[in-house]
Structures are given as structure tokens and as C-alpha cells.
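First up is the structure itself, then whatever we jot down about it.
The values are calculated or read from the model by the stated rules, or taken from the named source; none is laboratory data. Quick caveat, the model's predicted, so the values are computed rather than measured. Positions of Cβ are generated from backbone atoms using ideal geometry, with glycine treated the same way; all protein chains shown enter the neighbour counts.
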Ligand code: AMP
């Protein structure tokens, strides 16, 4: 997953982009980058591997002068790891375009071939973001204008929509001309527009999550619509246009479950409130399926499940207790086989407060179960701490299929629920009772926030993908995501040396 931001201001925007990237750090911790442009059309950039605070030092910030710019935080989903994958990515023709992308294209291989054979563009990486950048550049270049107008830019976005399949929220900087933001025709990944009164004009921020607006004094104007493009020229004038003939708002439901910050509102749905409703639905489900349950205490697995867990406890009228203390300063573990690293990482990250477990029937709540590593380890810890019975509730339904739209998920075959019944998953993780949210209930909890949205992107639960997929795409992605393949990629990267 990735986080993107763009700001058009009256004065230098680099510090505000930096602060906004910190607000989006949860969306990607592998690499970060920023490009800014000043009034004379000079570009300044910095990108590297690591957290935002590590990538940008004072010496870099001193050089990042510009009154409009874009930034990116990256977590690899489909492509490889390494500095050449960090964003914004740049292409020099036409105009010099820098691009930050959140999402994943499902026809990037076909497009790579077209770019090479028909358009004589050779790409440096297998990153779908580089594909997207070159497709957009190719389309914008077709106008052969020294000074592109907003209309030229919008026509290029229209053509990009026609060629690209998958999920893409994009912020691009066209050197000397301005900032462009657009969202795929389903609006799978989020993108919001914020506004602030400047001294002589309005200033704008576009970001993956609107939680980044308030700390910089911006207020939310609106969500960018699926298929829509917004262009803010170098003078700060905003133009917008619907660039797709066919579009429908179908946001990714997992943003509400796990990914987004609770203080964000996506497509007019508060993430916090939808998580509270997830807790209420779980409580209804528990009361209906087992009215005489013997749960003594509800304990969240921090952090993303706490909102749902608290509401669940309130509705069940059962005490809510913090039973795990999270260490927020854990970085990564040093080279270990992935699965071993994950198990160790759960124990390093979460310490247990035994007294909340001893002699009790506890209901643990997490937002989701992916591989089952966390839930299995946590249940083991709860039992060791003296819990009598350990029940487990997941605010999301069983995850059975890989994600194609920009969320870092394992291969389907590595998902614990991919080929198991709920009972088998319960047995595997050691739960005395496992309660999954139903998909109908999950959809209802999110839909309630904006009844105008008719459909959500729910493929990790159903296997029904809402965009066209290139031939063999699922099989190829599955193979590239297997633990052993990822691990080898990482080893190769480390052997090549990091900077
Ligand atoms: P697992 O241990 O593989 O079952 O993962 C479940 C835990 O991972 C839950 O506590 C979730 O909060 C968290 N989680 C869910 N989706 C993701 C994701 N895409 N990336 C990282 N962590 C996730």
C-alpha cells in the first residue's frame, strides 16, 4: 500500500509535504520521496528507502524549495523492493513529469509491451507505477504543445483511463505547469481534496487520507470522484473534469476495516464510525448465535481493532480491558525466514498483562485474520497467561483471496482461510470459538455512512474482481507473492547493497 500527497501553495510547501507524509506513514514504511517545483520551473527532489523521518534530513529539506510539490510513502505490493522503486517516479518527456501512485494495475504487462513496441518507451523497473507514468506521459505528449492547457491534461487522463485497468489514485507534478490528481473509474483507492485560504489565493492539498488536512490548516473540500481529474496550475487556479464515460464509486472496503486512520473520512464515510458499527454488528451476531455466552471480558488486539472492540463490549455490557501493551518502536527483525520473523515479531510487538486473563473467559478482537500468525500466537499467549477459554472475533469476514488493488496481502494459498471452513480456522489458531463478521454485515456497517454508495470492492472475501484482469494475471501474481519468492527478492536486494 502507499500514501500520496500534493500541495499547491503560495510559499514553500516542502515542510508541509513532510508533515503530511508523516500523517500517511501507516500506508507505507519501505520508502519515501518528495518532488517540489519553484516559480522558475526548477525541480528539487529527494527519495530513498526507509521511514519519512530517516529519508529527509535537514540538509535535504534545505534544498527542497518550491511552492508546489508531491510526496509518496511506499510499501511494496506487487513490484520489487529497492531504491529504484521509490516514488515519485520521473520521466523527462513531455515537460518532465513526476508521479506518485497508490494502487495496482492489473494489465501492466500488456501495457509494458505496448509502450516498448508501439511507443518506443523502455521501462527501468517492473513497477506498475512506472507503467502508469509512461502511459500518461505518452498520452499528454500526443498534443505536441509547448504549453499544455488543463484541457490537454484532462484528455491525457481520459486516454489513461481507457488504457489502464486496476486501481490507481495518482498525484503528478508537471514541471513548470502544476499538479494533477486523478482517481481510477471505480475510485478503489481514496483521494481527497483540501482547501486553505492564502493571502492572495486559495491553496490546495490532495491526499490519500483527509486526516492530513487539519494539522496543516486545510479543510476538506471533497473526495475526488472516480474517473475525475483535478489540475491546479502553477498560479494556483483549480480546474476539474470528469474524464471517464463510465464510472462508479466502489471504494475498497478494507480501507475501513484496517488500512486507513480512524480520523479519516473516505467517500463521506467516517472510518471511526464504521469501525464502531463493525463492533455493534459483531455484538448482535454473538447475542443471536449464543445468547447464553460466558464471556467475562473483551480484549482488543491493538491498535486497529480497538474501536470495534470497545463498541462490542459496550453493546454486550461486558467489561473492556487493555490486555496487551504494544511496543511502538519495533522496527523490522534482521534476516530470518519470513514466517519465523512474523511469529517473533508478534511477541516483540505485543506484551501481555497476565492479570487480565487469569481465570477468565476472554473475547479477543482483531480487525482481521490474514495468515493467522497473529491470532495463533496471541491465543497461545492468552492461554499461557491463565485464560480459561479464549474466544476470538474478527471485524472482517474470512479473507480468502489475494488482493490485486494495492494492498499488501499474501498469496491466496498462504491465507489461513483460503481453503478452510470457519471451524477449521478456529481449530488451527486454537480458538475455543471464532466469530467472523459476515460480509453482508460488514457492507452494511460501511454503507450506513454513505447510502449513496451501492457497491464496495470486496474481492479479498469473494474472489470477484471488479476490473478486467490480464491473462494469467492471478497465477503470476500468486507466484510472485509466495513467501519464498519474496524472501529471495529481499536477499538479492540486500546482497546488491543498500545506500
Ligand atoms: P495475520 O497474523 O497474518 O493473520 O495478520 C493479521 C494481523 O495483521 C491483524 O492484526 C491485522 O491488523 C493486520 N493486517 C491486516 N491486513 C494487513 C496488511 N495488509 N498488512 C499488514 N498487516 C495487516
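Filter the range 415-432 down to the residues that are in a loop (DSSP other than H, G, I, E, B) and crowded, with 20+ Cβ neighbours inside 10 Å, then identify the one that is farthest from the ligand (Cβ to nearest atom). Spell out the reasoning first.
Here is the first cut: in the range 415-432, the ones in a loop (DSSP other than H, G, I, E, B) are 415-421, 430-432.
In the following step, the residues that additionally are crowded, with 20+ Cβ neighbours inside 10 Å were identified as 415-417, 431.
On the way: 415: 8, 416: 6, 417: 9, 431: 12 Å.
So the residue we want is 431.
Inspect the range 292-313 for any residue being outside any loop (DSSP other than H, G, I, E, B) and surrounded by fewer than 17 Cβ atoms within 10 Å (Cβ to Cβ) and give the result as yes or no.
Keep residues of the range 292-313 that are outside any loop (DSSP other than H, G, I, E, B), which gives 297-300, 306-313.
Now restrict to residues that are surrounded by fewer than 17 Cβ atoms within 10 Å (Cβ to Cβ): none.
No, the range 292-313 contains no residue that is outside any loop (DSSP other than H, G, I, E, B) and surrounded by fewer than 17 Cβ atoms within 10 Å (Cβ to Cβ).
Looking at the structure I just gave you, is residue 57 over 20 Å from residue 178 (Cβ atoms) and at pLDDT below 95?
Working: over 20 Å from residue 178 (Cβ atoms): yes; at pLDDT below 95: no.
In short, no.
Filter the range 242-289 for residues that are away from the ligand (no atom under 16 Å from the Cβ), in a loop (DSSP other than H, G, I, E, B) and free of Cβ contacts under 8 Å to residues at least 60 places away in the same chain and give the result.
Once the filter is applied, which keeps residues that are away from the ligand (no atom under 16 Å from the Cβ), in a loop (DSSP other than H, G, I, E, B) and free of Cβ contacts under 8 Å to residues at least 60 places away in the same chain, the range 242-289 yields 245, 263.
Output the residue which, of all residues in the range 354-400 that are surrounded by 22 or more Cβ atoms within 10 Å (Cβ to Cβ) and away from the ligand (no atom under 14 Å from the Cβ), is farthest from the chain's Cα centre (by Cα).
For the range 354-400, the residue satisfying everything is 360.
For the range 401-414, give me the residue count where each residue is surrounded by fewer than 24 Cβ atoms within 10 Å (Cβ to Cβ), within 9 Å of the ligand (Cβ to nearest atom) and within 12 Å of residue 477 (Cα to Cα).
The total comes to 3.
In this structure, is residue 228 closer than 25 Å to residue 451 by Cα, under 17 Å from the mean Cα position of the chain (by Cα), modelled with pLDDT of 95 or more and buried (at least 17 other Cβ atoms within 10 Å of the Cβ)?
No: the conditions fail for residue 228.
Inside the range 202-222, can you point out the residues that are farther than 18 Å from residue 270 by Cα, assigned to a strand (DSSP E or B) and in contact with a helix residue (DSSP H, G or I) (Cβ under 8 Å, 6 or more places away or on another chain)?
205
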